[in-house]
Amino acid sequence: MQPWMSDVPATVVRVKAELRKGIPDVEARFRTLTTQLEREVAAVVQEERRGGAIPEIHYGELAGGHIAGPVGDRIRRRGCVVVRGVFPASRIASWNDQIGEYIERNRYLERQKSKVGLDRYFATLAAASPQIYSLYWSKPQVSARQSDELARVRAALNRLWRQPSTEKPAFDAARECSYADRLRRRQPGDKTLGLSPHADGGSVERWCDPGYQRVYGEVLFGDPTHYDPFDATHRISTEEIPSPAVCSVFRTFQGWTALSQQGPGDGTLQLIPIANLMGWMLLRALQPDVAPDDLCGAKAGKALPFDERWHGVAKEALVSIPRVQPGDTVWWHNDLIHAVESEHRGRSSSNVIYIGAAPLCPKNLPRQAEAFRQGKSCPDFASEDYEVDFEGRATSEDLTPLGRRQMGLEPW
Ligand SMILES: [Fe+2]
């Protein structure tokens, strides 16, 4: 933990004052990015009318392990992509059944009632607590994480990032570090679940942490129009305030694998598909109409909120993901603003396994093997530890050679 993290409110006041003083013409560069953002919002709205702003590719197109130039450019601009047909429907149906059985056999819902309150991460987002299951180690989750299919998808997505030109790569695009996350299973008719727009992976850190200041170096001190959200150079040198359920690894993309069909209206994911929006949000908080101790609502250890009051200019670009089928996967850049629809008006449960891309690098060293062995919650999350005595949990016998390497149990 860095010294500044012990007094965040004081740091915010100090850093804001320093940035406002140190950034050349903070108001003019904000105007420049606002003009750029307005164009992007208009482009998203138009693309949405013409069939969809969120790029899509088919798994079969990734056979060579790379994404073709123009498609890659589009994904980099929109910061997200739907990769279709990663797993066959039959395999997904079996996984979905197995997870349902695992939850029932181990009476998860009864146990959950006794642990309410441990997961405070979502507490400040406007909508009520989501139907997210704090389960990490069911066999289908482990199978999906270590699958060759997702290894191929993640390697291709990792390669969209630009590596430093002079030094060695920031991360190894072809190798993943296991980062176990949870499940979403949302019932039709549900109105209690929903997450207001936010970004994960750091809130006040994006201004206060020296590593993040380098990530956004062009926005703050260079040419803001040259800022590249897919430049990997400084991304692995950021440091987050330790907090349960705030991701401390570097993810090139957050993501999930669909276990059921779901689309707009089914209580699913919404995105603002503008990859460089975060640069604008940084400067937004440094404008004179925001109080000296405020970063547009950013709070230590929480998700970074997208607040209409400050960020309304981009609101129109919040779009629902297109309808996806079981076995499709959805990916979004770690800076991207995303939300979960507040109401599920569909007819069947919308289920996903959260699996992002965390390539091997000094920031992403495997450190989940012990939690896996004991069935505990992953080190990054609230220590609810539901699965310690769950029957049917995945064990080391379920790990493939690739899974063992991703878990750090065997060298690559
Ligand atoms: Fe999120």
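Please treat every number below as a calculation from the coordinates, not as lab data. It should be emphasised that the depicted structure is a prediction, and the values quoted were computed from it without experimental measurement. Every residue, glycine among them, receives a Cβ derived from its backbone with ideal geometry; neighbour counts consider all protein chains shown.
Relative to the longest principal axis of the Cα atoms of the chain, helix 89-105 runs at roughly 80 degrees.
Towards the positive end of the charge dipole of the chain, with charges on Cβ (+1 Lys, Arg; -1 Asp, Glu), say which of Ala285, Phe221, Pro273 has the farthest Cα. About the Cα centre, the residue reaching furthest to the positive side is Pro273.
Packing around the peptides 5-16, 186-197, taken as the average count of other Cβ atoms within 10 Å per residue, puts them in this order, highest first: 186-197, 5-16.
Compute the helix-to-body angle for 8-22: its Cα long axis versus the longest principal axis of the chain, expressed 0 to 90° and rounded to tens. On a 0 to 90 degree scale, this one is about 40.
The residue among Ser143, Tyr386, Thr238 whose Cα reaches farthest toward the positive pole of the charge dipole of the chain, with charges on the beta-carbon of Lys, Arg, Asp and Glu, is Ser143. Ordering Thr268, Thr395, Thr233 from the fewest to the most neighbouring beta carbons within 10 Å gives Thr395, Thr233, Thr268.
In a reduced charge model with +1 at each Lys and Arg Cβ and -1 at each Asp and Glu Cβ, the chain shows a dipole moment near 320 debye about its Cα centre.
For the pair Gln374 and Ala63, a Förster radius of 51 Å applied to the C-beta separation gives a FRET efficiency near 0.85, rounded to the nearest 0.05.
Of the residues Gln2, Pro164, Val12, the one whose Cα sits farthest toward the positive end of the charge dipole of the chain, with +1 on the Cβ of Lys and Arg and -1 on the Cβ of Asp and Glu, is Pro164. Taking a straight Cα-Cα cut-off under 17 Å and skipping sequence neighbours fewer than 8 places away in the same chain, the lysines within cross-link reach of Lys16 are Lys299.
Excluding the sites themselves, what is the longest stretch of the chain that contains no GluC sites (Glu not before Pro) in a DSSP loop with at most 11 other C-beta atoms within 10 Å? Segment 168-390 is the longest.
Decide, for the chain, between rounded, prolate and oblate: order the square roots of the alpha carbon gyration tensor eigenvalues as a ≥ b ≥ c, take rounded if a/c falls under 1.5, and otherwise choose prolate if a/b is larger than b/c, else oblate. Taking the square roots of the gyration eigenvalues as a ≥ b ≥ c, the chain is rounded.
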